[in-house]
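*Asks:* Here it is: the structure, laid out below.
The values are calculated or read from the model by the stated rules, or taken from the named source; none is laboratory data. This one's a predicted model, so the numbers in the text were calculated from it and none came from an experiment. Cβ atoms come from the backbone with ideal geometry, glycine included; neighbour counts cover every protein chain shown. Note: areas computed on protein heavy atoms with side chains; ligands, DNA, RNA excluded. Shrake-Rupley method; radii C 1.70, N 1.55, O 1.52, S 1.80 Å.
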Amino acid sequence: DGGITQSPKYLFRKEGQNVTLSCEQNLNHDAMYWYRQDPGQGLRLIYYSQIVNDFQKGDIAEGYSVSREKKESFPLTVTSAQKNPTAFYLCASGGQTQETQYFGPGTRLLVL
Amino acid sequence: AQSVTQLDSQVPVFEEAPVELRCNYSSSVSVYLFWYVQYPNQGLQLLLKYLSGSTLVKGINGFEAEFNKSQTSFHLRKPSVHISDTAEYFCAVTPLSGTYKYIFGTGTRLKVLA
């Protein structure tokens, strides 16, 4: 089955802690994306990557970091600098023609 | 730069009634247009997309949308809704070339009433 997987489904963060959200795709897509979703605000782009070993900041990159060492994987780290991390995080991927984005099931991050 | 406006944050409608969810966009370049659906605590699923050609686009679950270039709109319609259509719907655009960034609207929550 081709698709995008995100893990874990729920993640709890303690104050001052860094946490990493996993995103894996087997669709052979070049581009991958991370979005943050808050109620009433739609999707906001955190980071995106068009190719391995390269990524760009989106609209709300502060307090987040990413890596793209493999085509299939695009992990997102929520650092302690992100003061309001509680949200639903969505990973997506898209082909080189950028015609469509496909989304993973999401990770809900909660702060203890 | 591009922007997307979904004019209605919530739309209640009775089962078997028609529905239209409105989407307007702003862009100085040509764009691709999309509608996605999101069920609670899930990711987004593609409903339909406009890339080129016929301005009336048919998607999954009986939805369709019409691209109107002069009005810069891409409204989503369904002639008869079901309870199972209750979800949040997002309109999105991306430019045909250049950046790979997608711009999403803030979403419209469709609630189908029995």
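*Asks:* Ranking request for peptides A:14-26, B:7-19: highest mean number of other beta-carbon atoms within 10 Å first, then the rest in descending order.
*Replies:* A:14-26, B:7-19
*Asks:* Along the positive direction of the dipole of chain A (beta-carbon charges: Lys, Arg +1; Asp, Glu -1; about the Cα centre), which of A:49, A:84, A:37 reaches farthest?
*Replies:* A:84
*Asks:* Rolling a 1.4 angstrom probe over the protein heavy atoms, how many square angstrom per residue are accessible across the stretch A:1-49?
*Replies:* Dividing the accessible area of the stretch A:1-49 by its residue count gives 49 Å².
*Asks:* So how much accessible surface do A and B hide from each other in total, probe 1.4 Å, in square angstrom to the nearest 100?
*Replies:* Numbers: alone 6380 and 6420 Å², together 10800 Å².
It comes to approximately 2000 Å² buried between A and B.
*Asks:* At a 1.4 Å probe radius, carbon and sulfur cover how many percent of the accessible area of the protein assembly as shown? Could the numbers behind the result be given before it?
*Replies:* Working: 5260 of 10800 Å².
About 49 percent, which is the carbon plus sulfur part of the accessible surface.
*Asks:* Then there is this: Let me know the mean shielding of B:101-107 by other chains, meaning the per-residue number of their Cβ atoms within 10 Å of its Cβ.
*Replies:* 6
*Asks:* Also, I was wondering about something else. How many Å³ per residue does the convex hull of the Cα positions in the protein assembly as shown occupy? Could the numbers behind the result be given before it?
*Replies:* Details: hull volume 28.2 nm³, N = 226.
Given the Cα convex hull of the protein assembly as shown, per-residue volume reads 125 Å³.
*Asks:* Along Cα→Cβ, 7 Å out, is where each label goes; now give me the distance between the ones at residue A:60 and residue A:86 in nm to one decimal.
*Replies:* Taking the two extended label points, one gets 1.4 nm.
*Asks:* Can you give the local net charge around residue A:88? Use residues other than it whose beta-carbon is closer than 9 angstrom to its beta-carbon, Lys and Arg +1, Asp and Glu -1.
*Replies:* In short, +1.
*Asks:* Compute the Rg/Rh shape ratio of the stretch B:34-114: radius of gyration over Kirkwood radius, all on alpha-carbon atoms.
*Replies:* Values: Rg = 13.2 Å, Rh = 13.6 Å.
Answer for the stretch B:34-114: 0.97.
*Asks:* In Å², what does the accessible area per residue of chain B work out to with a 1.4 Å probe?
*Replies:* 48
*Asks:* Quick one: if you take sqrt(5λ) for each eigenvalue of the C-alpha gyration tensor of chain A, what semi-axes come out, biggest first, whole angstrom?
*Replies:* Gyration-tensor ellipsoid for chain A: 22, 14, 13 Å.
*Asks:* Another one. Place a +1 charge on the Cβ of each Lys and Arg in the protein assembly as shown and a -1 charge on the Cβ of each Asp and Glu, then give the dipole magnitude about the Cα centre in debye, rounded to the nearest 20. Can you show the working numbers first?
*Replies:* Details: 20 positive and 19 negative charges, 73 e Å.
Result for the protein assembly as shown is approximately 360 debye, rounded to the nearest 20.
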